[in-house]
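The values are calculated or read from the model by the stated rules, or taken from the named source; none is laboratory data. What you see is a predicted model, and the numbers here were worked out from it, not measured in a lab. Using ideal geometry, Cβ is built from the backbone for each residue, glycine included, and neighbour counts are taken over all protein chains shown. Note: areas computed on protein heavy atoms with side chains; ligands, DNA, RNA excluded. Shrake-Rupley method; radii C 1.70, N 1.55, O 1.52, S 1.80 Å.
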Amino acid sequence: MEIKGEYQIRSSRETVWQALNDPEMLKKCIPGCESLEKISDTEMAATVMASIGPVRARFNTKLSLQNLKPPESYTLVGESKAGAAGFGRGSADVTLIENDDGTLLSYVADFRVGGKLAQVGSRLVLGATKKIADDFFGTLSRELDPGATRVGADDAGDGTVTPRIWLAVAGAVLVLLIWWFLLR
Amino acid sequence: MTENGFGAAVRRKEDYRFITGRGQFVDDINRPHQLYAQIIRSPIAHGKINKVDVDAAIAMSGVVAVFTGADMAADGVGGIPCGWGITSKDGSPMVEPGHPPLAAECVRYVGDQVAVVLAETLAIARDAAELVDVDYAELPSVANLESASADGAPLVWDDAKGNVCFDWEIGDKSATDAAFASADQVVTIDIVNNRLIANAMEPRAAIGDYDAGKDEYTLYTTSQNPHVIRMLMGAFVLSIPEHKLRVIAPDVGGGFGSKICHYAEEAIVTWASRKVNRPVKWTADRSESFISDAHGRDHVSHAELAMSKDGDFLGLRVSTRANLGAYLSTFGPAVPTILYATLLAGSYKTPAIHAEVKAMFTHTVPVDSYRGAGRPEASYLLERLVDKAAKQTGIDPIELRRRNFIQPEDFPYQTPVALEYDTGDYDAAMVKAIELADYANFDKRREESAARGKLRGVGISTYIEACGIAPSNVAGALGARAGLYEVGTVRVNPTGSVTVLTGSHSHGQGHETTFAQLVVEELGVDFDNIDIVHGDTGKVPFGMGTYGSRSAAVGGVALMNALEKIRTKAKKIAAHLLEASEDDIEFKDGQLSVAGTDRSVAFGDVAMAAYVPHNYPLETLEPGLEETAFYDPKNFTFPAGCHICEVEVDPDTGVVEVVRFTAGDDFGRIINPMIVDGQVHGGVTQGIGQALYEQCVYDDSGQLLTGSMMDYCLPKADNVPNFAVTTNVTPCTHNVLGVKGCGEAGAIGSPPAVINAVLNALSDYNVDDLQMPATPERVWQAMQGNG
């Protein structure tokens, strides 16, 4: 399964790069992260509590940084084991591009799950993982720049607030219309 | 008809305890000081086990032990045996890999057992299982027949080249080729028989209880055949002699074939109980059932039917690939061969048939029997093919079937695929079904549906099945590694009540009622004074259990034979008591009387005389009144019938609704029509499930995606109509009861009837191929021409 996203951050590329390599920052940004320690310059071990559908488990995760091209890009490779709940593994290609507004962070992640996670959560995994990835990169962006925005259309993204309001208004009108028709 | 005797619609005796929550299932049983087992299962489809780190789990408070495959191997525990051997075309035996209860070196499906935690409570066992760290080196896997057959596919077993377990054939190839050469027309079809998961209401459970004082083991297990489990586990896995091993299968909540097999967990708890010297209990949760109960079906077939210009069937050619999963389950190899290809004649006199079956290993849960086991696959293929032939030739589907039926005067009929049918009247059953279904007025109903915007279709299937695999010597020649007889003991107690010990096992079939009806009929004992004991090797002398609709046809006949011995002995005792000749004694309605006189003695008094033999022919007759019979049938029995289904398809959504369903079956003579109706209802519901809802799906890496009730769609009460059922009786010719068996027929006849009905409903859409399950999306896509 593949997911991707982009964030516009009003910080220099170097600052974003530093953050992406800072265990403390990563710990802050990984949702449900209980611990994260650096094993070497390119390896980390983390414990993460996460829920996917009905499966809630503690994931023992090994992260490694590969294809390092500071400060442009790296590949974050992770493997999580959650005992009886199964496992997840995947990688994310993270790219930083300098632009007039600061830095454009984009990621393309590919992952798969196994064991109970796949068995009872497969139809929920994509949504849950998109949310986890979004939370991670979203928090990271906002840590660096409280005004960071998610850019590009993506079905998992929260985008801007306006369309949702319009959707709600349209829905309410529709309900009223149906109600009116039924009562006639 | 005697009240409560043969043929009476007696209410089920056992239902009182079931509907009042008083059943005793394995999970209801608790042994003093028992521990709880949690099995650690592989989360990957294929991988080498590098290391199993159990230290953290063992250190946890409340954990008593953690065992791995290495521990079992070190103890000399054997592999789980397969109960049926198949020989390939080239004469080589099937590839039969080892099957350790706990995998020590390699895991081969998601769910494969790797280790077991034993703890004081289930919660502790589960928490500790989280701490067992298994390091796997993941290997490439094959999750389905397609990927297992590909060139250079990863191998499940190194010995099984191309992942082929065996490549088997049946029938006369050259005669079949000749039939095709002379045929006027040929119809072909490609069929997928979808993989299913039984989902019995009660999950599997097992308690191992070792008694160190006596060096004896007791295993409580959710099994359809406790004696078979004792034999397989005792002799092959744990080396425990029969007299030291008692297997009890108490109330069991549904089996459908998935509880025939000897499972690893049974051996694990029994072995572990001795290791820790305490009882060990394991109960599967629903998630575990999905990945550890044997799955069913999973065939991919190509079939061709050769016909004359008038639609006479001349030859049938079938090529099937069958998925066996990662290991050979107890009956796994028999299902796609002996129980499938031998049924390809169906109810038709096709003179030449040739079938080849290639059985494949994949990295999936082992595949074994599921209600019908092989016969639904045969009937689905044949009846879809015949309907397609009707469409292609323009001959009415009923007329085409009728034209090719084996006729009543043809019996006994030797098919080209090994079986000899003893009796039947296929047209009579079909006529009854057609009448009950009000087939003649279908067009009116179609118009009425059309007026509501629905597409209505009618589908028919005529099936034959083979029950009560027999005789043992023939089954043995075909690869069975056990006998296929049954055992019944009748113990008349001193006051005249009766205890029956049967080797059959009831897990929903109602033996306690039907078998008691046989006793009422033969001995005239009051229904409430009869107890049917089953499912305990410590009580019942021996038995082969219940599967393949064999209980009445084999177990019931064994009981009848034992009852006959009782009657004979009772007559001798009565002759003595009445000072008459044995030949003059008549035994009727519980009274033994001297023919032509008013002198008689009640059966209860005869029983008392047998146990208090003060006035008894001790010189010529032993005291007591207890008899046992072993019965080995002369042949299979051959139930047959006709199912007619009507569906409505919503053209906007593709949703299929079964609106009428009629079954006209021939089960031979019927002991209890109410129970038979219930069996048909259940079987048809499961058949509708296969046709419209159920589908086991693995992803490419061997992860089970339909591993919960959210994703595996079982039929629900509102998915089925009220069934119309009727029977036409041609008594079985070779057993004393004249019975054939009814347990599986519903699941055998219904899937093709449902799909033929859906295709009929879509007749304006030029859809001639539709695979099961016919989900709304599949139907809708087919209607858009994307089938």
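Key figures for this structure:
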quantity	calculated
Kirkwood Rh in Å, taken over segment B:485-631 so that all alpha-carbon pairs contribute	15.5 Å
Computed over segment A:1-118: relative contact order in percent, which uses C-alpha pairs under 8 Å that are six or more apart	28 percent
Radius, Kirkwood style, for segment B:412-509 when every pair of distinct Cα atoms is counted (Å)	19.2 Å
Spatial separation of Cα centroids for segment B:260-287 and segment B:486-544, in angstrom	29 Å
Protein-protein interface of segment B:681-722, residues with accessible area decrease of at least 30 Å², isolated chain reference, 1.4 Å probe	B:Gln703, B:Leu705, B:Met710, B:Asp711
Estimated dipole of segment B:485-631 in Debye, rounded to 20 [Cβ of Lys and Arg +1, of Asp and Glu -1, Cα centre]	360 debye
Expected 222 nm ellipticity per residue - DSSP helices of 4 or more, -39500 (n - 2.57), all of chain B, to 500	-7500 deg cm²/dmol
Modelled label reach - B:Asp396, point 7 Å along Cα→Cβ, segment B:444-461 residues with backbone N closer than 17 Å	B:444-446, B:458-461
Debye, to nearest 20: dipole size of the protein assembly as shown, +1 on Lys, Arg Cβ, -1 on Asp, Glu Cβ	820 debye
Segment B:316-390: translational diffusion in µm²/s, Stokes-Einstein, Kirkwood Rh over Cα pairs, 37 °C, 0.692 mPa s	254 µm²/s
Two-site label geometry, B:Glu120 and B:Asp528: point separation in nm, points 7 Å out along Cα→Cβ	4.8 nm
Burial of 20 Å² or greater, segment A:115-143 residues [accessible area, probe 1.4 Å, versus chain by itself]	A:Gly115, A:Lys116, A:Ala118, A:Gln119, A:Val120, A:Ser122, A:Arg123
Anisotropy class of chain B from Cα gyration tensor, a/c 1.5 cut	oblate
From the C-alpha gyration tensor of segment B:288-356, square roots of 5λ in Å	32, 11, 10
Accessible surface, per residue, of segment A:28-129 when the full set of protein chains is kept, probe 1.4 Å, Å²	46 Å²
Buried area at the B-A interface (accessible, heavy atoms, 1.4 Å probe, summed, Å²)	1400 Å²
Range in chain B, longest, excluding exposed GluC sites (Glu not before Pro) [loop by DSSP; at most 12 other beta-carbon atoms within 10 Å]	B:106-578
Descending principal axes extents, segment B:651-722, alpha-carbon based, whole Å	50, 33, 18
Loop-located trypsin sites (Lys or Arg not before Pro) in segment B:627-695 whose Cβ has at most 14 other Cβ within 10 Å (DSSP)	B:Lys634
Descending principal axes extents, segment B:261-307, alpha-carbon based, whole Å	67, 20, 11
At R0 = 30 Å, FRET efficiency that the Cβ-Cβ distance of A:Glu79 and B:Ala70 yields, to 0.05	0.75
For segment B:485-538, average projected area of the Cα convex hull in nm²	4.0 nm²
In Å, descending, principal axis extents of the Cα set of the protein assembly as shown	118, 75, 71
Solvent-accessible area, 1.4 Å probe, carbon plus sulfur percent, for chain B	50 percent
